[in-house]
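What follows is a short report on a single structure.
The values are calculated or read from the model by the stated rules, or taken from the named source; none is laboratory data. All figures in this text were calculated on a predicted structure; none of them were measured in a lab. Every residue, glycine as well, gets a Cβ built from its backbone with ideal geometry; the counts of neighbours run over all protein chains shown.
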Amino acid sequence: MLVPRVLAGGKTADPVQRDAITTAYRSLIQETQESPAVLAAISTAGEGLLQLVSIKTD
């Protein structure tokens with residue numbers, strides 16, 4: 001799965017920004033980084049691209 005504009009022009013990294021979309025991006029990034037079922041990578045080019053791949057567990 002690809003999530004475009006995840007860095008939201010720098011708003012995601014700015015702790016002062018607390019609007020709903022920015023907070024949702026932060027939560028998504030944190031949850032995917034902590035999940036053993038997902039491999040996540042963020043490209044910082046432009047406004048950012050979060051790349052998610054599910055990890056097959058048997």
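General remarks:
- Note on region 28-42: among residues that are of a type in the set (Gly, Ala, Ser) and surrounded by 12 or more Cβ atoms within 10 Å (Cβ to Cβ), the one that is farthest from residue 13 (Cα to Cα) is 35.
- Every pair of residues 6+ apart whose Cβ atoms lie under 6 Å, when the first sits in region 35-53 and is of a type in the set (Ser, Thr, Tyr) while the second is surrounded by 14 or more Cβ atoms within 10 Å (Cβ to Cβ) and modelled with pLDDT of 95 or more: 43/49
- Residue list for region 1-27, restricted to those being surrounded by 17 or more Cβ atoms within 10 Å (Cβ to Cβ) and at positive phi: 8
- Any hit, region 44-55, residues being hydroxyl-bearing (Ser, Thr, Tyr) and under 8 Å from the mean Cα position of the chain (by Cα): no
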